[in-house]
1. Rounded to whole Å, give me the distance from the Cα center of region 428-472 to that of region 325-344.
2. Nearest 0.05, what FRET efficiency do K198 and R14 give at R0 = 30 Å with Cβ-Cβ as r?
3. Once you list every other residue whose beta carbon is under 12 Å from the beta carbon of I319, what net charge do they have if Lys and Arg are +1 and Asp and Glu are -1?
4. Taking the 0 to 90 degree range and rounding to the nearest ten, how far is the long axis of helix 311-327 tilted relative to the main principal axis of the chain, both from C-alpha atoms?
5. In deg cm²/dmol, rounded to 500, what helix-only [θ] at 222 nm does the chain give when every DSSP H run of at least 4 residues adds -39500 (n - 2.57) and the total is split over its residues?
6. I need the P(r) histogram for region 305-515: all alpha carbon pairs, bin width 5 Å from 0 out to the longest distance, whole percents.
7. If I take R0 = 30 Å and measure r between the Cβ atoms of I405 and W111 in this structure, what FRET efficiency does the formula 1/(1 + (r/R0)^6) give, to the nearest 0.05?
8. Can you tell which of I380, V332, A356 lies farthest toward the positive end of the dipole of region 285-396, using +1 and -1 charges on the Cβ of basic and acidic side chains (Lys, Arg; Asp, Glu)?
Amino acid sequence: MTSSSLSRPSSDYRPDPGRWRILVILLTTIFMSLIGVSIVNVALPSIHTALQASQADMQWVLSGYALTFGVVLVAAGRAGDLMGRGGLFLIGVALFTLSSIAAGLAPDATWLNGARFVQGVGSGLLNPQGLGMIQHYFRGAERGRAFGYLGTVVGFSVAIGPVLGGLLIEIGGLELGWRLTFLVNVPIGLVVIFLGFKWFPRPLIQLPRQRPAPARIQAIENNQATDMAGAPDSQAAARLGWRSLDPIGSLLLGLAVLSVLYPFVESRSSPLTWLLLPLGLLLTLSWVRWERHTANQGGSPMVNLQIFSTASFSNGVLIMALYFLGMTSIWVLVALYVQEGLGMTALQSGMFGVPAALLSSWAANWAGRRVMTYGRKIVIGGLLLALIGLMLSILVIFLEAQGRISAWWLLLTLSFIGLAQGAVISPNQTLTLMDVPLDYAGSSGAIMQTGQRIGTSVGIAMITAAVFWSLNSASWPIATMVGFGVIIAVVLVALLVAIQDQRIRQCRITGVIPD
C-alpha cells in the first residue's frame, strides 16, 4: 500500500460547517479525562488515609484504569469506524461520567477500584473516537491546527490538574476533598453529552446489518476487488454484519495487550507474572495471523495490517512509543528527587512542572499551524529540545549536589521538555495519521495510543528500576542522573527514527530511491 493509494484530501472534499464546534466537544472531553488522571495522582495520599487503603489498593487505583484503557482502545476504535464515532464517543463520556460519580461516592477501596476499571473503559471508548473524528472533519493544514489545539489542551490540563486537585482537597478536607477530585468530572460530562446530542450528525450509531451480497461484494469475496486501502470496503462490512467488528481479533489483541501491560503496572507481581510477556508475544502473533486470514477471506479485519507498510504510519507509531517510553518517566523522577532527595512537599514538587506544561500548550499550537509546511522536521527539532533539556537538568542536579546552585533552576531546564512535548506529540499525531484511510482512522489512532500506553508502562517500570538499583550504592542525585541518562538513550533512538522518516519523505519528494 503506497501513499498514493491512501486517503489524501480529494478535490470534492467539502468542509463540514459544524466541524469547529464538534472540535470544542472533543477537546472539552479530553480536557476532562486528562484532568481526572492528573488529579488522582495528587489525591492518592488522601484516599490512602480516608479509606484506610492498602498499598496494593493504591497501586490499583492507577493500574486498573491503565489496564482497561489500554485493552479496549483498538477494538473501540474499529467499532467507531464501522458503527459511527459520535455515538460511541458519547457512550464513552457517559461511562466516564457515571464511573466518576461511583468513584466520588465510593465507601471503600474495592468500590473505588471497580469504578476506576469502568472509568478506564469509558476513556478507552472515547479517545480513539476523538482522534478519528479529527481525522474525518479536518484535512490538510486545518488538521494540523486541530491537532495543535489538542496539544494545547493536553499541556494546559497537565499544568492545571495538580493545582486544581490540591485546591479541591484543601477546600473539602480529608474526607470530602478527594471525592471532589472525581465529582468535578460530572458537570463537564453532562454538558458534553448535551452538546453531543445537539451538534453531532445523525445517526449517532448505525448498527452493522447483514444484507445480500451484490456482484461487487462477491468480487471482494473472490479477492478480485478491494478498496483504495487494500481492505474490504464499507459494503463488505455491511454484508458481514456484526462479524465486521471482528470479535475474535478484538479478543486476541485485547488479551495480548493485557499480557504485556499487566507485569509492568502490577508492582507486586511475582516472578511468574513475567511469563505473561512471552504469552503476550504469542497472542500478538496469533492476532496478526488472524487479521491476515480475515482479510484474505474477504472479511473486515479490525486493523488493516497494510497500514504498517506506510512509512509515515509505522515510523510515527514507533516514534510515539519510544517518546512515551522515555519522556513520561521524567516527571516521576522529578517528583521522587524533589520529595525524597530534597525533602520538599508534594505541592512544591508539582510546581516544577507548571512552566513546562504551559510552554507545551504554546508549542503545540505553534507547531500545529506549521506541521504541514515543515513536516517531520518539527518533530526532530522537538526531540533535540528534549535532549537539551535532559542534559541541562543533569547539570543542574549535579551542581545542586555540590551546593553551587538551587534545584529551582530545574524550572528553566525542564521548560525545554515542555517545548519538546508540544513540538513532538501533536505534530507526530498529524503526520502519523496523515496517510491512513478514513475507514480505519479510529483503529489506526487507537494503535498509536496503545503504543503510548505500552511505552509509558514499560518505561516507568524500566527507568524507575534503574533509579532504585542505583540507590543501593549512590545518592538520590546520582540515581536521578542515571535515570535521566537512560531517558537520553531512548530519545536518541526516537531521534534516529525521525531522521530516517524525514529522509524517506525527502526522497519521495525528489524521486530518489533511498538506500
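1. 20 Å
2. 0.85
3. With Lys, Arg at +1 and Asp, Glu at -1, the neighbours total 0.
4. The angle comes out near 20 degrees.
5. Taking each H run of at least 4 residues, the total per residue is -26000 deg cm²/dmol.
6. Cα pair-distance distribution for region 305-515, in percent: 1, 7, 15, 18, 19, 14, 10, 7, 5, 3, 1, 0.
7. E between I405 and W111, to the nearest 0.05, is 0.05.
8. I380
A short reminder: the numbers here are calculations on the coordinates, not readings from a lab. Nothing here was measured: the structure is a model prediction, and the numbers come from that model. FYI the Cβ positions are ideal-geometry reconstructions off the backbone, even for glycines, and counts take in every protein chain you see.
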